[in-house]
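**Q** Here it is, the structure, as structure tokens.
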Amino acid sequence: MSKKKNSVRSRNISPRKEAFDTAWEKFEPLIPEEELPALKACIQFTPDPAIRLNPQKASISDIGKLRERYHWDTEPVAFCPDGYKLKDTHGIAPGQTNEHRCGAFYIQDSASMLPVTLFDRQKILNKPLILDMAASPGGKTTHLSAASRDSGLILANDSSASRITILKKVMKNWGSIHHLITVFPGEFFGQWYPNTFDLVLLDAPCSMQSLVSIASHPMRPISEREENALAQRQLSLLDSALKAVKPGGQVVYSTCTLSPTEDESVIDGILKKYGAQITLLDGQQKLPYPAPGLVSVEGSEPNPSLERTIRLWPHRYQTTGFFAALIQKNDTFGFSEQIEKPFRRSREELRFTKIDPRQDHHPIERMNEIFGFDLTEFAEQRECCFRMRGNELWAVPTVFFDESVDWPPCKSCGMRVAAQTASGWLPDFDWVSLVFDRISQNRYPLDETLAEAWVRGEDLPISLPEHSKGTILFMTDSWNVFIGCGYVSGNRIRNLTK
Ligand SMILES: C[S@@+](CC[C@H](N)C(=O)[O-])C[C@H]1O[C@@H](n2cnc3c(N)ncnc32)[C@H](O)[C@@H]1O
């Protein structure tokens, strides 16, 4: 068949179209004949936007309430219990809502909700030590945090220093305490941490040939050489992931490309390398109906077990193109003894210090006054502790201070609670969003007009009695959603979220 006849979209000068046509030409012969019409029809449309709810913020991440408030038409994501496609938003984009500002949900294309759902539920609920090897901007890290109920520890790593700011911001907004953030090539972890993690997620850098271009995954022209180089890197990263996971632990490998070179071929290569030391688990069991991977890929013998991988051709679940595989490690391999790591004193680098109990305006006591609940009790329940970092108070997972583990130097760990300023201790917006359901005092509800002004960053010209001067107020909109802290001064409520 000629290229022209094959192409479902006309060829023109746009690089995205060109990328699409090239990918289509390669992939069309791989698609079962009977599925072609459905696929052709599906890729004419952009998939619905989707959100994944944050179980830590139950009172504002209720899908019923969100539907009622914004009149969204929603449909559950078939393979992710907290995921919802937004069939019709009636003009209210999820990113514009107060719930989104509070981290009540993460906006994520529905295919990207697949990888974390593949991990064994018991393992992920059992305070796991998780490595998210290529984590930025953090969509799947938030999913790992939700699935583990923010227990255990997630080491969220990305090799790109410029993408760490967004990762920190996303994790803070989600309300995750039990994570630390590092910037290293993922290839190092297998050597540094052999047989260490309960679960490893490798959401690998890939060519993004997903057949559907969306803002977060734009298609671009890609050469065969680049694709092969990516496949090499993916194989090294997957090798490192398998070394880093414990025997009995699991690795999920995922990409947002449909290129067999970066998908089934990588899995085939790793199966050949490790044989019975690893098992490719059946991903189809995690899906309502199957979306099997290709059993034969160019240049190698057919491997029927590759059917256990998941290949989301876009029409299968009305998503962008995606691939995922779940692998279990059976044996100890990697290095039998931990090699010396080229770093020291990583805990000290974050400059956490213990709170001096004699400190004036003891921060925990001040926080207890501001919030009206006992922060020490909260810390016990959540297995974290409070530390100072300069003039800031932080909640840090207790496991971070476990001297038997040598963490790599990290960029961040835990979550900021408050900062000391000239006006006294001021709580952090994201921290308040996390604990908001526990706060019953000093809530200040605003009507719709005032709430909009507040969200724009305006102060409110409202005079409160003299004795409330200096009080921190928790402003809410008319649906009882937190929209920022206010500080009562003489004749106005100062907006602290500007
Ligand atoms: C597909 S994106 C990850 C998306 C992320 N998991 C999420 O859900 O938001 C791939 C990431 O891999 C990172 N990366 C590329 N090469 C890497 C390497 N050798 N080691 C670790 N990360 C790498 C890129 O910087 C990029 O952020």
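**Q** Within the set K57/K140; K87/K168; K169/K286; K243/K411, which residue pairs have Cα atoms separated by over 26 Å?
**A** Values: K57/K140 17 Å; K87/K168 30 Å; K169/K286 31 Å; K243/K411 24 Å.
Flagged as over cut-off: K87/K168; K169/K286.
**Q** Related question: For segment 144-218 and segment 100-125, write down the distance between their C-alpha centroids in whole Å.
**A** If you average the Cα positions of each part, the centres end up 12 Å apart.
**Q** I would also like to ask the following. Counting Lys +1, Arg +1, Asp -1, Glu -1, what net charge surrounds R389 among other residues with beta carbon under 13 Å of its beta carbon? Write down the numbers at each step before the final one.
**A** Working: positive: R347, R351, K354, R387, K411, R416; negative: E348, E349, E392, D428.
That works out to +2.
**Q** Ok, one more. What lysines does K17 reach when the alpha-carbon gap must be under 21 Å and sequence neighbours fewer than 8 apart in one chain are set aside?
**A** Here the lysines satisfying the reach criterion relative to K17 are K3, K4, K5, K26, K40.
**Q** Cβ neighbours within 10 Å, averaged per peptide: list 223-231, 192-200 in order, most packed at the top.
**A** Going from most to least packed, we get 192-200, 223-231.
**Q** Moving on to the next point. How big is the Kirkwood radius of segment 1-152, worked out from every pair of different alpha carbons and given in Å to one decimal? Numbers along the way, then the final one.
**A** On the way: mean 1/r = 0.0554 Å⁻¹.
For segment 1-152, inverting the mean 1/r across all distinct Cα pairs yields 18.0 Å.
**Q** If you take every DSSP beta bridge fully contained in the chain, what fraction is antiparallel? Give it as a percent rounded to 5. Please report the intermediate quantities before stating the final value.
**A** On the way: 52 of 72 bridges.
About 70 percent, rounded to the nearest 5.
**Q** Here's something else I'd like to know. Over all pairs of distinct alpha carbons, what does the Kirkwood formula give as the hydrodynamic radius of the chain, in Å?
**A** On the way: mean 1/r = 0.0409 Å⁻¹.
It is 24.4 Å.
Quick note: the coordinates plus some simple rules give every number you see, no bench work behind them. In this text, all values refer to a predicted model and were calculated from it rather than measured experimentally. All Cβ positions, even for glycine, are placed from backbone atoms using ideal geometry, and neighbour counts span all protein chains on display.
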